[in-house]
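Heads up, the thing below is written out as structure tokens.
What follows is calculated from the coordinates using simple rules that are stated; it is not laboratory data. What you see is a predicted model, and the numbers here were worked out from it, not measured in a lab. Don't worry about glycine lacking a Cβ; one is built from the backbone with ideal geometry, like all the others, and counts go over all protein chains shown.
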């Protein structure tokens, strides 16, 4: 099987001809540096906290940033920590959802090995609620911390959304990384953008990950579109809108009206129009289509990056937790207690989508609350 010549490292990717924004994307080492130097260095002040001496067992569901942060702190406090992960590798979105260009996987896996050597147990291919019993976990562990993230993607509601060639961003990103780790990117083992005109719907960070990866795949062209104005969508990134002015691979104030298909049911085009933003009578931003701006462009792949609605349905069906109006896990006491007895939630599953650093911090804080709750309020389970 032939290998696809995809630049999988930052250095090789930067050798490509790139729009300025994607060059900056690749040069930005904040995530890599955070994982290397900060995420796993949190130290608890044991004198101020209860020590469990491995007499209390805690289960953590999910090994993404919040789960890893939580496991680290609880382990330091002497709890017997088991992390249940449904994938075949630990790391959650960090292992499969972030391109290797941005976060080399050997860096993350080395940090996970450090947790294992310190005493944390990882049970892989263990999907709680399906092949791993939720009821048994509740019986065997004194407390459970749900760190599943938000994996339920927001659906694409527009004409043509059932055509072949339309993928959720996470599926596209996961496909490449899984093939890299398992199949050395052999041709036919991942969703390939090679030679295609690719439309990315959504102007956020995940959409940018998709745009960069599609270029790495040697896509014929990429177009990333966002309904909002740049100054609305990127308000916290000073200078970004100036950098992307004139970038033909990124369009703000753009609405996808419909997706078009060929006679075989494959996506073959997109109908777009430009938007103008104003305000409603109540002061809320409101968009209207600009007459005469509709255009049809050829595309053969669509990557949907319009966010997530919350944790997957099984979390609410099986784990005895409630849902907030925003779709996240509701808490009943403290910041992280989600259900009695001793069921906690942390990270994106509780807070909603955010930065990796926030998720780690949620994990740290949830661990401290869980530790105090366990030692103060429940019977130890052997």
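Points worth noting:
- Centre-to-centre, using Cα atoms only, the range 31-45 and the range 285-341 are separated by 28 Å.
- Expressed as a fraction of 2.2 N^0.38 Å, the value expected for a compact globular protein of N residues, the C-alpha radius of gyration of the range 272-341 is 1.85.
- Taking every DSSP bridge with both residues inside the range 155-304, close to 50 percent are antiparallel.
- Protection proxy ranking of 156-164, 299-307, by the mean of other Cβ atoms within 10 Å over each peptide's residues and highest first, is 299-307, 156-164.
- In the chain, helices alone account for a calculated mean residue ellipticity at 222 nm of -9000 deg cm²/dmol, with every DSSP H run of four or more residues adding -39,500 (n - 2.57).
- Principal-axis analysis of the Cα atoms of the chain puts helix 356-377 at an angle of about 20° to the longest axis.
- Considering only 98, 120, 44, the mean-square fluctuation computed in a Gaussian network model of the chain, springs between alpha carbons under 10 angstrom, is largest for 44.
- Relative contact order (%) - criterion: Cα under 8 Å, at least six apart; region: the range 293-374: 20
- The alpha carbon convex hull volume per residue for the chain rounds to 164 Å³.
- Overall Cα dimensions of the range 239-297 - principal axes, largest extent first, Å: 45, 31, 18
- Most fluctuating residue given options 344, 316, 172, as computed from a GNM of the chain linking Cα atoms under 10 Å: 316
- Normalised contact order of the chain, rounded percent, pairs of Cα under 8 Å and 6 or more residues apart: 22
- Centre-to-centre separation between the Cα atoms of the range 66-96 and those of the range 148-223: 27 Å.
- Most fluctuating residue given options 224, 15, 23, as computed from a GNM of the chain linking Cα atoms under 10 Å: 15
- Bridge type composition, the chain - antiparallel percent by DSSP, nearest 5: 45
- When the P(r) is computed for the range 178-294, the part past 21 Å accounts for 49% of the Cα-Cα pairs.
- Relative contact order %, the range 164-226, counting alpha carbon pairs below 8 Å whose residues are six or more apart: 33
- Cα-based helix-to-principal-axis angle, 205-216 vs the chain, degrees rounded to 10: 60
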